[in-house]
Amino acid sequence: IFSCSTIYSMRILQFFCTVDPSLGKVDTASLPQHTRMELLMSEITLNKERICGPAENPKDITEWDETYFDEDGNITQIMYAGNSLAGSLPLCWLPSTLRRVFFSGNQLSGSLDLTGLPESLALLKLAANSFGGSIDLRYLPETLEVLNLGENTLVGTIDLEHLPDVMQELYLYTNEFSGNVCLTSLPKKMTYLDISENQLSGPIDVRYLPSGMEELFLNDNEFVGLTDFSHLPTSLTWLDVQNTQLSGTLEKGEGVSYMAENSGVKLVEW
């Protein structure tokens, strides 16, 4: 049994899935936010009722759990973490007014298309799910400050050279990313980067990290080679290069946590 609104959303979804590409690009942004939210949740196959209410008597979107609106009635934040939701997540349907999105700690799977996110989005957390496939970090919203995709099964290379200028925190830990990474063009405002527990390889250059970088996790990868650690920012209080094939000398001052076990990096107290 489906509500009239849900049936309408399903028909809209069917239309977009079958539209002739030769007719040109369809403007999905013109859809009402309640329709976009129903389409976003349309591929959730388990525990959807925890957010939307029972299928036989679904809640109005204004009554969905952990769904927040501004004074004009625009959706600004959804906090659907830890609800054991299963299924896929078509991010293209996120309403354009969203600023903060939480879906961490569920059982979501499928691929992630990060190229059409809301232009006002500041935070996106999708950690601890089962998302797979490759991702494209080159076209994230210029407003995005925090992105957490840790603890998934994402693969492929990662481009860290075209991140939003305002990005402060990026979490890509515990995935299956591979290939080289460039750390010389990170956003100037970045304070936290975690790319640990992947299959990343090659040499790394940490001479040009952002001046305000505070924590950097490179551990449990296949990085290799002599590394110059003499130009680390003074703000860096946590650096982990454990379980890599990096080498070099790392001077450890008071109040910092540098870890280099099972690597060729030598820690020197000063």
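The values are calculated or read from the model by the stated rules, or taken from the named source; none is laboratory data. Please read all numbers here as calculations on a predicted model, not as lab measurements. Cβ placement follows ideal geometry from the backbone for every residue including glycine, while neighbour counts extend to all protein chains displayed.
Just one residue in the set LEU149, LEU94 is within 16 Å of TYR173 (Cα to Cα), buried (at least 19 other Cβ atoms within 10 Å of the Cβ) and at pLDDT 95 or above; that residue is LEU149.
Looking only at the range 44-70, which residues are among the acidic types (Asp, Glu), part of a helix (DSSP H, G or I) and closer than 24 Å to SER130 by Cβ? Of everything in the range 44-70, just one residue is among the acidic types (Asp, Glu), part of a helix (DSSP H, G or I) and closer than 24 Å to SER130 by Cβ, namely GLU49.
Scanning the range 153-164 for residues that are touching an Asp or Glu at 6+ places or on another chain (Cβ under 7 Å) and not hydroxyl-bearing (Ser, Thr, Tyr) gives LEU154, VAL155, PRO164.
Working only within the range 152-205, note down all residues that are surrounded by 20 or more Cβ atoms within 10 Å (Cβ to Cβ) and among the small types (Gly, Ala, Ser). Within the range 152-205, SER196 is the sole residue that qualifies. Restricting VAL166, VAL181, VAL155 to those that are of a type in the set (Val, Ile, Thr), in contact with a Pro (Cβ under 9 Å, 6 or more places away or on another chain) and modelled with pLDDT of 95 or more reduces the list to VAL166. Residue count for the range 114-143 under the criterion of being closer than 19 Å to LEU98 by Cβ, among the small types (Gly, Ala, Ser) and out of contact with any helix residue (DSSP H, G or I) (no Cβ under 8 Å at 6 or more places or on another chain): the result is 3. Of the numbered criteria (1) over 17 Å from ASN152 (Cα atoms); (2) at pLDDT 95 or above, the one THR62 fails is (2).
Just one of the listed residues (GLY225, GLY212) is of a type in the set (Gly, Ala, Ser), over 24 Å from GLU151 (Cα atoms), at pLDDT 95 or above and touching a Leu at 6+ places or on another chain (Cβ under 8 Å), and it is GLY225.
Hey, among the residues in the range 164-204 that are among the aliphatic types (A, V, I, L, M) and not in a loop (DSSP other than H, G, I, E, B), which one's nearest to PHE229 (Cα to Cα)? Among residues in the range 164-204 that are among the aliphatic types (A, V, I, L, M) and not in a loop (DSSP other than H, G, I, E, B), the one nearest to PHE229 (Cα to Cα) is LEU193.
Scanning the range 20-43 for residues that are at pLDDT 70 or above and not in a helix (DSSP H, G or I), we see that the one that is surrounded by the fewest Cβ atoms within 10 Å (Cβ to Cβ) is PRO32. For ASP70, the conditions (1) at pLDDT 95 or above; (2) surrounded by 13 or more Cβ atoms within 10 Å (Cβ to Cβ); (3) within 23 Å of GLY116 (Cβ to Cβ) are fulfilled apart from (2).
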